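Have a look at the structure below, then the notes.
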Amino acid sequence: MDLEDLIIKSMELLRDNKKAFNKYKKKFEHFIIDEFQETNMALYEIIKMLCSKSGKIFVAGDDAQSIYSWRGAKPENIEKFKEEFSRVKVFTLDLSYRSTPILIKAGTEISAKNSSYIAKKTYSENEDGEPLSLIKCSDEKDEAYQLAKFIKDEIAEFKYSYCDFAVLYRTNNQCRAFEDVFVEEGLPFKIFGGIEYYKRREIKDLIAYLKVIINPKDEESLLRIMNFPERG
């Protein structure tokens with residue numbers, strides 16, 4: 001069973017099995033749900049079934065931060081929740097302590113183009129901060145090359161160190177292009193919260209196989225792969 005099966009089968013169990021439904025309805029009295037914008041229709045139905053009696057539920061979410069639409073997430077569940085649950089109180093967290101006003105404005109204007117965007121007046125009391133730069137890239141490799149050039153130019157002009165720069169990305173697979181380009185351009189780097197692509201065991205093993213094919217006398221590579229994968 002995968003994640004979708006677990007959700008759907010749970011919904012079917014509560015809907016079709018009265019004994020199971022009554023058991024879990026009595027078991028839970030209070031509900032706290034985070035990342036509510038990532039709930040799909042099945043999850044929303046489970047929530048409604050379980051807490052329809054007590055109604056003691058607290059949800060937190062932001063429609064503009066929904067990233068799992070490919071998995072069925074429905075950020076509009078936030079609006080449905082306000083309509084379908086009685087005595088709802090809404091608390092908006094408008095003040096941002098982390099971002100600058102320029103970042104807040106840019107993020108709001110981009111998010112507002114979404115058809116299901118819920119209007120909000122987010123603001124920051126921090127200083128305006130540096131202006132944003134918009135860079136057009138043909139693909140992920142081009143993005144990495146442009147970033148490498150930017151870092152080199154900044155170091156040359158302002159005498160920065162490599163440790164003054166950080167590259168933030170949302171998913172681990174986005175890191176590969178930066179690794180390849182930074183190695184090619186001679187930029188030193190460290191990866192936090194993950195393992196560098198060429199330091200992963202399976203990649204090292206594959207490279208060792210290729211080295212032995214090219215040079216059968218490479219004993220170090222041969223010893224690495226001699227019993228990997230295990231025979232039989």
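How far is helix 175-185 tilted, in degrees, relative to the longest principal axis of the Cα atoms in the chain, given as a value from 0 to 90 rounded to the nearest 10?
20
Can you tell me what the convex hull of the Cα atoms of the stretch 3-91 projects to on average, as an area in nm²? Mind dumping the intermediate values first?
Numbers: hull surface 23.4 nm².
So the Cα hull casts an average projection of 5.8 nm².
Using a simple spin-label model with points 7 Å from Cα along the Cα→Cβ vector, what separation in nm is obtained for Lys121 and Lys136?
3.6
Just to check I understand the Karplus step: with θ = phi - 60° and J = 6.51 cos²θ - 1.76 cosθ + 1.60, what whole-Hz values come out for the stretch 219-226, glycine and proline as x?
Here the 3J(HN,Hα) series is 5, 4, 5, 4, 5, 5, 9, 4 Hz.
For Thr100 and Asn17 in the same chain, what is the full-extension length gain: residue separation times 0.36 nm, less their Cα-Cα distance, in nm?
Values: separation 83, 0.36 × 83 = 29.88 nm, distance 5.16 nm.
Net length gain for the segment: 24.7 nm.
Can you work out the FRET efficiency for the pair Glu79 and Lys113, with r the C-beta to C-beta distance and R0 = 25 Å, to the nearest 0.05?
Values: r = 18 Å, r/R0 = 0.72.
In this case the efficiency is close to 0.90.
Please report Phe228, Phe182, Phe85 as a ranked list, fewest other C-beta atoms within 10 angstrom at the top and most at the bottom.
Numbers: Phe228 12, Phe182 19, Phe85 15.
The order, fewest Cβ neighbours first, is Phe228, Phe85, Phe182.
What ranking of Asp2, Asp128 emerges when the number of other C-beta atoms within 10 Å of each C-beta is taken as an exposure proxy, fewest first? It would help to have the intermediate numbers written out before the result.
Values: Asp2 6, Asp128 11.
Going from least to most buried by this count: Asp2, Asp128.
Compare Glu38, Glu130, Glu219 in a GNM of the chain, Cα atoms joined below 10 Å, and give the one with the largest fluctuation.
Residue with maximal mean-square fluctuation among Glu38, Glu130, Glu219: Glu219.
Lys18: which lysines have alpha carbons under 23 Å from its alpha carbon, excluding same-chain residues fewer than 8 sequence positions away?
Lys9, Lys26, Lys27, Lys48, Lys53, Lys56
Bins of 5 Å, beginning at zero and ending with the bin holding the largest distance: percent of Cα pairs per bin for the chain, please.
Per 5 Å bin, starting at 0, the Cα pair percentages come out as 1, 5, 8, 10, 11, 11, 11, 10, 9, 8, 7, 5, 3, 1, 0, 0.
So if R0 is 45 Å, what FRET efficiency would Lys211 and Asp164 give, r being the distance between their Cβ atoms, rounded to the nearest 0.05?
Working: r = 36 Å, r/R0 = 0.81.
Taking R0 as 45 Å, the efficiency between Lys211 and Asp164 is 0.80.
Taken together, the values in this text are just the output of simple stated rules run on the coordinates, not laboratory data. It should be emphasised that the depicted structure is a prediction, and the values quoted were computed from it without experimental measurement. Because the Cβ atoms are built from the backbone with ideal geometry, glycine has one as well, and the counts that use them run over all protein chains shown.
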